[in-house]
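The values are calculated or read from the model by the stated rules, or taken from the named source; none is laboratory data. Note that this is a predicted model, so its numbers are computed, not measured. Counting neighbours? That spans all protein chains shown, and the Cβs are built from the backbone with ideal geometry, glycine included. Accessible surface is based on the protein model in full, side chains and every heavy atom, while ligands, DNA and RNA are left aside. Shrake-Rupley method; radii C 1.70, N 1.55, O 1.52, S 1.80 Å.
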Amino acid sequence: MHTTLARRGLRSALVALSAAAVLTGTAASAEAAPAKYRTHAEAAAQLKKAGITTSSSGGCTSRRKSNCTSLEQINKATVAGVVAFKKAGGCAVRVTGGTEVGHASGRYSHSNGYKVDIALNSCVNKYISKRFRYLGKRGDGALQYRSPGGNTYAREGNHWDITYYHGRV
């Protein structure tokens, strides 16, 4: 009897929670899930705290402009990966591309929060090429490397295009 009443009570609570969610436009769940994404301000603050700079050719942060560098809706694991890379390599790191438009689409894309671009410099270049496993050339000719954590680093022209599957190097 207690079990039946408890189930009815839980069911009623879930129905009430669902109704409240519809009225307020929020997701219904018995336990709030942690957010997967960062706002631009949150990500920029976390990077700055780790000594990582950001820049854009347009001097802007809009996600809707290709000449901006936006971190809006970047995955928490991607931000954590950049920070881990900076700590592991001890190199100056400057993010030059994030979630803004103008990048290739796909599941593990910039727009889905999995990728960042960082500027080339001798320390970063040497760290990646000496510490990570060379995978060969990508279809576009970019040299690819895989970190011990399983992330992919591709040298594209004037930057490294990095795909963070995990929040580690």
Given contacts defined as C-alpha pairs under 8 Å and at least six residues apart, what's the relative contact order of the stretch 45-169, whole-number percent?
24 percent
For the stretch 35-169, which whole-number percentage of the solvent-accessible area (1.4 Å probe, protein heavy atoms only) is attributable to carbon and sulfur atoms?
48 percent
Hits among lysines - C-alpha to C-alpha of Lys36 under 17 Å, sequence gap 8 or more where chains match
Lys76, Lys115
Separation in nanometres of the label points that stand 7 Å from Cα toward Cβ, at Ala92 and Ser122
1.2 nm
Highest to lowest packing among 71-84, 137-150, 37-50, scored as the average C-beta count within 10 Å
71-84, 37-50, 137-150
What is the stretch 112-169 by shape, rounded, prolate or oblate, if you read a ≥ b ≥ c off the alpha carbon gyration tensor as root eigenvalues and call it rounded for a/c under 1.5, prolate for a/b larger than b/c, and oblate otherwise?
rounded
Return the lysines within reach of Lys130: Cα separation strictly under 16 angstrom, same-chain partners fewer than 8 residues apart disregarded; answer none if there are no such residues.
Lys86
